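Chemist: Attaching a single structure in structure tokens format; questions to follow.
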Amino acid sequence: MSDSTHIPEKALYEVWAKNLFNSSLQTTNGDEIEIINPGHLNTNEAGPDFMNARIRIGNLSYVGDVEIDINYNDWKNHGHNINKRYNKVILHVCLFNKFNQNYVYSVDGRKIPILVIGNKIDSSLVDLSSFSSTKNIKNNKTTLRCSFEADRIDKQKKVEFITALGIKRFNAKCERIYSRLKELIFLKELNINEPVIRYELTPEFKNKEFTYDDFKDRELWQQTFYEFVFEALGYSQNKIAMLKLAQNADVHFLKSISDSKNFTEMTEAALFQISGLLPNVKELPKEDVSEYTRKLFDNYQTIKDKYTSEFLDETDWHFFKLRPPNFPTIRIMAGVFFLQSLLIDNSISIIIKKITEIRKPEILINSLRSFFIVRSEGYWQNHYVFDKITTSKINYFVGVSRADDILVNVVFPFFSVYFDVFGKNYLSKKILQTYNIFIQKSDNRIERNVAESLNLKEYSHKTLFAQGMIQLYRNYCTKKKCLECEIGKEIFE
């Protein structure tokens, strides 16, 4: 039987209970096994699958529990190695053991022998192929070790813990924004014309007490907002490159190359050239270059002497496995429209006014979401890359889900910091209240899998809770800190 065969674990219980094997049994290190009593199926309690089994292994008889898994590594994947309830297991039964491991280990370090039954099941008595299906495996995505026992944890306790993690994650976003603001202030005071701090911050910076007056510079807030929105536009694959682009082509430079009349076309030229994505029209046949591309190139020639920072390279950007609407070319164009709003229309003041004047959180959310949705126009309506027309029209540079992402990861924490800095605590509290009821239009794989694993799917679109699930997954689950997690403590201790 191939280890690519997908069989639900419960299908093996009858095989074990009724001893439906076609030959004698041995552990992976060669000791003979005799099932004197398979034990009773554990249907009500968390813990091993069969309790109080009696088994002879080699020359010794053992009384204890038996755990049955599909794969050998499920012992660790399901957290049995850190769960005291599995301390009485005397045999680990699995369908597959790809690397022929001889033992698994209990939480106290005791060796537990392994029985592999992949080729031992009597096919004349049980047909496991009837259980195999792609659907089963798709519906059985498990992210958390504790998922098999999560049902026994009080639902409200899980919700409260993950909500607290959501608030912690929000505060971490605020702290990151505040730290960047202080870095920019420090750079300006030192007269360092450098968009990114490339060295260890001095003791003077670490010990500096910032005052109200330090944060009065409008350009400071514009640059910070610019950087974090561009990072969010880059999504996971291109966020580093987008952030670097915003730091290299900073607000001061963009203001120096344009005014309200030509802002869009000059900013387009600058960002595409600095990003390294604009083709070098001098090296291409004339018929391969569109009028739009040539105009961008020509526009940049008029401002190139004002740019003194670094350029990115085409290899810094990721296109592979991205949906075309998420290509960096489209994201940069979305950024151009954001910058128009930021530097020409003064979007920070507009958003402050919305937060201050709109009383109902639901109306405020819809107003802010609409503010960041950008409909497509011009050349990039039917291009994903330069000079290659696409057959499918691009309707939005920034759609609803990306607008939500910007609100959650940038707008709410950014303006929470803004209001705290300027002593408007009632408005920062209003932001947190709005954040608390925010329902996002979509979710991601981590949020879905964690919600399914903890049987909390109804909460997955609530932003505060979704952020808490991401915090749980990244800071506890992937680091195997189950015994530091409030949910894991109840299951594994």
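None of the figures in this text is laboratory data; all of them are computed from the coordinates on show. The model shown is predicted, which means the values in this text are computed figures rather than measured ones. FYI the Cβ positions are ideal-geometry reconstructions off the backbone, even for glycines, and counts take in every protein chain you see.
Chemist: Calculate the FRET efficiency for ARG218 and ASN436 from the Cβ-Cβ distance with a Förster distance of 35 Å, rounded to the nearest 0.05.
Modeler: Step by step, r from the Cβ atoms, then E = 0.75.
Chemist: Rounded to whole Å and ordered largest first, report the semi-axes of the equivalent ellipsoid of region 11-118 derived from its Cα gyration tensor (root of 5λ).
Modeler: Working: eigenvalues 65, 51, 40 Å².
Taking √(5λ) for each Cα gyration eigenvalue gives 18, 16, 14 Å.
Chemist: What percent antiparallel are the DSSP beta bridges of region 11-118, to the nearest 5?
Modeler: Among the beta bridges of region 11-118, antiparallel pairing accounts for roughly 65 percent.
Chemist: Work out how much length SER256 to GLN101 would gain on full extension: take 0.36 nm times their residue separation and subtract the Cα-Cα distance, in nm to one decimal.
Modeler: My answer for the length gained is 49.2 nm.
Chemist: Another question about this same structure. At a 10 Å Cβ-Cβ cut-off, how would you order ASP69, ASP288, ASP31, fewest neighbours first?
Modeler: Listed from fewest to most nearby Cβ atoms, that is ASP288, ASP31, ASP69.
Chemist: State the extension gain, in nm to one decimal, for the chain segment bounded by SER370 and TYR396, taking 0.36 nm per residue of separation less the distance between their alpha-carbons.
Modeler: Separation in residues times 0.36 nm, less the Cα-Cα distance, equals 8.1 nm.
Chemist: Using 11 Å as the cut-off for backbone N distance, which residues of region 84-104 belong to the label zone defined by a point 7 Å from the Cα of ASP31 along Cα→Cβ?
Modeler: 90-92, 103
Chemist: Share of antiparallel DSSP beta bridges in the chain, in percent to the nearest 5? Could the numbers behind the result be given before it?
Modeler: Details: 24 of 33 bridges.
In the chain, approximately 75 percent of DSSP beta bridges are antiparallel ones.
Chemist: Then there is this: Based on the Kirkwood radius over alpha-carbon pairs, what value in µm²/s does the Stokes-Einstein equation return for the translational diffusion coefficient of the chain at 37 °C and 0.692 mPa s?
Modeler: Values: Rh = 26.8 Å.
So the translational diffusion coefficient is about 123 µm²/s.
Chemist: Using helices alone, I'd like the mean residue ellipticity at 222 nm for the chain: each DSSP H run of four-plus residues gives -39500 (n - 2.57), total over residue count, nearest 500.
Modeler: -13000 deg cm²/dmol
Chemist: Which whole-number percent gives the relative contact order of region 217-437, counting Cα pairs below 8 Å spaced six or more residues apart?
Modeler: Normalised by residue count, the contact order of region 217-437 is 21 percent.
Chemist: List ARG56, ARG323, ARG331 from most exposed to least, where exposure is judged by having the fewest other Cβ atoms within 10 Å.
Modeler: By the 10 Å Cβ count, ascending, the order reads ARG323, ARG56, ARG331.
Chemist: Region 201-259: which trypsin sites (Lys or Arg not before Pro) are DSSP loop and have at most 14 other beta-carbon atoms within 10 angstrom?
Modeler: For trypsin sites (Lys or Arg not before Pro) across region 201-259 that sit outside H, G, I, E and B with at most 14 neighbouring Cβ atoms in 10 Å, the list reads LYS216.
Chemist: Starting with the highest mean, order 412-421, 303-312, 479-488 by the number of other Cβ atoms within 10 Å, averaged over the residues of each peptide.
Modeler: Numbers: 412-421: 22.1, 303-312: 13.1, 479-488: 16.4.
Output ranking for 412-421, 303-312, 479-488: 412-421, 479-488, 303-312.
Chemist: Something else: Taking a threshold of 23 Å on the Cα-Cα distance, which of the pairs LYS244/LYS286; LYS157/LYS480; LYS216/LYS424; LYS76/LYS111 fall above it? Don't jump to the answer; show the numbers that get you there.
Modeler: Details: LYS244/LYS286 32 Å; LYS157/LYS480 20 Å; LYS216/LYS424 15 Å; LYS76/LYS111 14 Å.
Violating the 23 Å Cα-Cα cut-off are LYS244/LYS286.
Chemist: Fully extended, how many nm does the chain gain between ASP316 and LEU60 (0.36 nm per residue separation, minus their Cα-Cα distance)?
Modeler: Using 0.36 nm per residue and subtracting the Cα-Cα distance, I get 85.9 nm.
Chemist: How far apart, in nanometres, would the label points at ASP122 and THR478 be if each is projected 7 angstrom from Cα along the Cα-to-Cβ direction?
Modeler: According to this spin-label approximation, the distance is 4.8 nm.
Chemist: Just need the Rg to Rh number for region 217-437, please, alpha carbons only, Kirkwood Rh.
Modeler: Dividing the radius of gyration by the Kirkwood radius yields 0.99.
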